[in-house]
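Please treat every number below as a calculation from the coordinates, not as lab data. As the structure is a prediction and not an experimental result, all values here were calculated from the model. Quick reminder, even Gly has a Cβ in these numbers, built from the backbone with ideal geometry, and neighbours come from all protein chains shown.
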Amino acid sequence: MRCIPANADMRVEVATSLSALQALEPDYEQVLRSTGNTLPFALHEWHMAWCRQFLESSRRIRTEPMIHAARNAEGRCVAIVPLILTRRTVGPVQFGTLDLLGADPAITEIRTSLIEPGYEAPAIRAIRRKVADVRSIDWLNWGVLSDAHVGALSSCAQLKFQQPLLDYVLDLPSSWEEFNSKLKRNIHESIRRCYNSLKRDGLTCELRVAQEPGAVKEALERFFALHAMRAELQGAAVHRNHFANARSQLFLHEVCAKLAARGMVRIFQLAIRGEIVALRIGFVIGDSLYLYYSGFDPRWSKYSVMTTTVVETVKYAIGQRLKTINLSPSKDISKTRWGPREIALTQAVQISPSPLSRLAFAGFQRVKSGRPLPSWICKLLPVTRRSWD
């Protein structure tokens, strides 16, 4: 990998409209190839659908895209930092923030920039100079950062590191037998019970994989129903219904339609007696499968249908000669039981040096955690202009 000097000539364009973002599609493809991206959340289709469905414009909050594309001296796009500018009014408090695209109710699970290896330092420096033109910004959330990205930012900005985001990735061998042989005894027993419980009751299961646009559209409607059933299940681990509102459902329909047309969607559906009882959405990016949200019918829970769905999905991925399965972030037994690699993803925020900005950030974090904003903070945060540098 070549390392480009930090002072290399770079030009930065900022897309602030949907039409400008659409025009960046070829540049996205260029940078996605150079970075070896395996995340659906970094794709151009994801960003377009997100902006169409989740941008806000109200009295209390207004958001607009500021997608930064950095080009080298030859004009080739080498970095895309998909920022969203947000202006908020909370009581007497007004503040502005820049966040990586995907500040949504847990729909965009990993938010990251795309930077061609070797270009981290010059691209970040050039983008930071552009960001400095945006007035009254209290903080910039850089999202997930690679080690090279952290090094480039640390040389020109003071970062506040957040709790690492834990991601779980399975490395796939060439056969299910080899994969199965490395599993721990408890998961072996769990898998055996899944299939034996069906057999005792004279039942068999079948994995159906929806990937054509029409089949994906139909399967998504089943997903919304089963995802809601899982969320409503009492006496089990709490699972929120992330697609309870129409806007979230429209988003998923739009992004899956676009990606299904490119052959990148797989909806894994477990059928028993012809009925879909469990499913999980997956995205095939390169040689990796990203497993997204799931759902199941609680009436079939005694057969551990979600475990069976994962087993059949792993078999499918191995059969397709994929190299990895990303089980998605957040630590829980449903992921760690399969023996994945735990990857701690670095997250960082850059806060304006203004005391008012730092106070605003602390207050915002408090509100995000579900705690009310103390009245004394509101009094100390009058409407004010705050500089970034």
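The share of alpha-carbon pairs in the range 21-63 lying farther apart than 11 Å comes to 69%. For Ser294, neighbours were defined as the other residues whose beta-carbon sits under 14 Å from its Cβ, and their charges (Lys and Arg +1, Asp and Glu -1) total +2. Summing charges over all other residues whose Cβ lies under 14 Å from the Cβ of His253, with Lys and Arg as +1 and Asp and Glu as -1, gives +1.
Restricting the range 23-75 to trypsin sites (Lys or Arg not before Pro) that sit in a DSSP loop and have at most 12 other Cβ atoms within 10 Å of their own Cβ leaves Arg59, Arg60. Sequence-distant contacts, meaning Cα pairs under 8 Å at least 6 residues apart, place the relative contact order of the range 168-343 at 36 percent.
DSSP assigns beta bridges within the chain; of those with both partners inside it, close to 90 percent run antiparallel. Computed over the range 168-343, the alpha-carbon pair-distance distribution with 5 angstrom bins reads 1, 8, 17, 21, 22, 18, 10, 3, 0, each value a whole percent. Across the range 273-280, rounded Karplus estimates of 3J(HN,Hα) from the backbone phi angles (6.51 cos²θ - 1.76 cosθ + 1.60, θ = phi - 60°) give 6, x, 9, 6, 10, 7, 7, 8 Hz, Gly and Pro being marked x. Using the Karplus relation 6.51 cos²θ - 1.76 cosθ + 1.60 with θ = phi - 60°, the per-residue 3J(HN,Hα) values for the range 211-223 come to 9, 6, x, x, 5, 5, 4, 5, 5, 5, 5, 5, 4 Hz, with x marking Gly and Pro.
Sort out the exposed loop GluC sites (Glu not before Pro) in the chain (DSSP loop, at most 15 other Cβ within 10 Å) and tell me the longest stretch that has none. After excluding every exposed loop site, the longest remaining stretch is 75-389.
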